[in-house]
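Shown next, in structure tokens, is the structure this report addresses.
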Amino acid sequence: AQSVWGYDSDNGPEHWHENYPLAKGDKQSPIEINSKDVQHDSSLSPWHASYDPGAAKSILNNGRTCRVVFDDTFDRSVLRGGPLTEAYRLRQLHLHWGSSDDHGSEHVIDGVKYAAELHMVHWNPKHGNFAGALKQPDGVAVVGIFLKVGKTPKAEMKRILEEIDNIKTKGKEAPFHHFDPSILFPKSRDYWTYHGSFTTPPCEECITWILLREPIEVSSDQMAKLRSLSKNAENEPVHPLVDNWRPPQPVKGRIVRASFK
Ligand SMILES: NS(=O)(=O)c1c(F)c(F)c(-n2cc(CC3CCCCC3)nn2)c(F)c1F
Ligand SMILES: [Zn+2]
């Protein structure tokens, strides 16, 4: 069995706790959100992202996801407001998706699994650097956007998907510039928020989750494009990069707040 964690039967989410004990913590992500248990919080302010398109650096396949990385050496692309009391710096965005359109998201909303879930990862510069931030309960903020399959391809996703052909296999990286990820946001700013963790090892419980209620629409062809990525390196046996999602974890009494009624 491979010692490195992944999403296969011998190294998947049920095994992560063997090398990453935090995986069995009380504030793990993702979770199932049931609208009946959500508390509307009228004191929650709107969130705001001000991203510099020039901060986009590259797009890579690390064998577990497709990730776009940004320059986070200063307050260049920041997220503020909502449940956050400080400005958090955009570090990277990535996705989780399924092997077919009927599943793939990590968070599940009233029993609904979306085809994919896009995560925009930000960290709190008051903790010095990302490695320091992930040791703090208020260290990281992730905006989650659900991808729903419909008739219309999301034009804004095209930029990312066009690059897929250049990063087919694990370890491939390509330059990725002039990209403002806020074009991916849906119209509505409505969100749920709760405190949780990385959905991958090391599963640190450092994340303020901001999950957008309105999914963005992508086409089935766009999802197929994402599924054409491989988890193997070049000239290794081909293993499609699909089903890179962690199932919902115990809520353990946590409160999920909604910015909307
Ligand atoms: N799904 S998620 O919860 O949004 C999510 C995230 F928020 C992340 F920040 C990461 N993450 C992982 C690392 C490597 C670091 C390697 C050194 C130890 C810390 C992690 N960089 N960012 C991540 F992989 C991920 F899946
Ligand atoms: Zn993620």
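The values are calculated or read from the model by the stated rules, or taken from the named source; none is laboratory data. Note that the structure is a prediction, hence the values are computed from the model and not measured. Don't worry about glycine lacking a Cβ; one is built from the backbone with ideal geometry, like all the others, and counts go over all protein chains shown. In case anyone asks, the SASA skips ligands and DNA or RNA and just uses the protein heavy atoms, side chains included. Shrake-Rupley method; radii C 1.70, N 1.55, O 1.52, S 1.80 Å.
Observations, loosely collected:
- Magnitude of the charge dipole for the range 13-95, about its Cα centre and with charges confined to Cβ atoms of Lys, Arg (+1) and Asp, Glu (-1), is about 240 debye.
- Each residue of the range 59-69 was assigned a 3J(HN,Hα) from its phi angle through the Karplus curve 6.51 cos²θ - 1.76 cosθ + 1.60 (θ = phi - 60°); the sequence is 10, 9, 10, 9, x, 10, 7, 9, 10, 9, 10 Hz, with glycine and proline shown as x.
- Value in Å of the Kirkwood radius, where the range 195-261 supplies the Cα pairs that are averaged: 15.5
- Those lysines that a straight Cα-Cα span of less than 18 Å connects to residue 27, excepting residues fewer than 8 apart in one chain: 135, 252
- Distances between placed amide hydrogens fall under 5 Å for residue 58 paired with 69, 176, all partners being 5 or more residues away or on another chain.
- Considering only alpha-carbon pairs that sit under 8 angstrom and 6 or more positions apart, the relative contact order computed for the chain is 28 percent.
- Heavy-atom accessible surface of the range 168-216: percent carbon and sulfur, 1.4 Å: 54
- Seen from every direction in turn and averaged, the convex hull around the alpha carbons of the range 46-94 projects onto 3.8 nm².
- Counting only protein heavy atoms and a 1.4 Å probe, the range 1-148 has 42 square angstrom of accessible area per residue.
- Net charge over other residues, Cβ less than 15 angstrom from the Cβ of residue 187 (K, R count +1; D, E count -1): 0
- Take every pair of alpha-carbon atoms less than 8 Å apart whose residues are at least six positions apart; their mean separation over the length of the range 108-177 yields a relative contact order of 27 percent.
- Violating pairs (Cα-Cα greater than 20 angstrom) within the set 113/170; 36/261; 57/168; 36/187: 113/170; 36/187
- Within the shell defined by Cβ-Cβ distances under 12 Å, the residues around residue 82 carry a net charge of 0, with Lys and Arg each +1 and Asp and Glu each -1.
- DSSP bridge analysis restricted to the range 119-261 gives an antiparallel fraction near 65%, rounded to the nearest 5.
- Note on residue 172: aspartates and glutamates with a C-alpha under 13 Å away, same-chain residues under 8 apart excluded, are 163, 234.
- Highest mean first, the peptides 110-121, 10-21, 78-89 sorted by other C-beta atoms within 10 Å per residue fall in the order 110-121, 78-89, 10-21.
- The residues neighbouring residue 233, those whose beta-carbon lies less than 15 Å from its own, together hold a net charge of +2 under the Lys/Arg +1, Asp/Glu -1 convention.
- With the gyration tensor restricted to C-alpha atoms of the range 142-185, the semi-axes of the equivalent ellipsoid amount to 21, 14, 12 Å, longest first.
- Cα-centred dipole magnitude for the chain, charges only on beta-carbon of K, R (+1) and D, E (-1), debye, nearest 20: 440
- Relative contact order of the range 146-260, pairs being alpha-carbon contacts under 8 Å that are 6 or more residues apart, as %: 35
- Portion, in percent, of the accessible area of the range 1-82 that falls on carbon or sulfur, probe 1.4 Å: 48
- Cα centroid separation, the range 141-160 to the range 55-113: 11 Å.
- Compactness relative to 2.2 N^0.38 Å, alpha carbon Rg of the chain: 0.95
- Computed lengthening from residue 10 to residue 71, 0.36 nm per intervening residue step minus Cα-Cα distance: 18.4 nm
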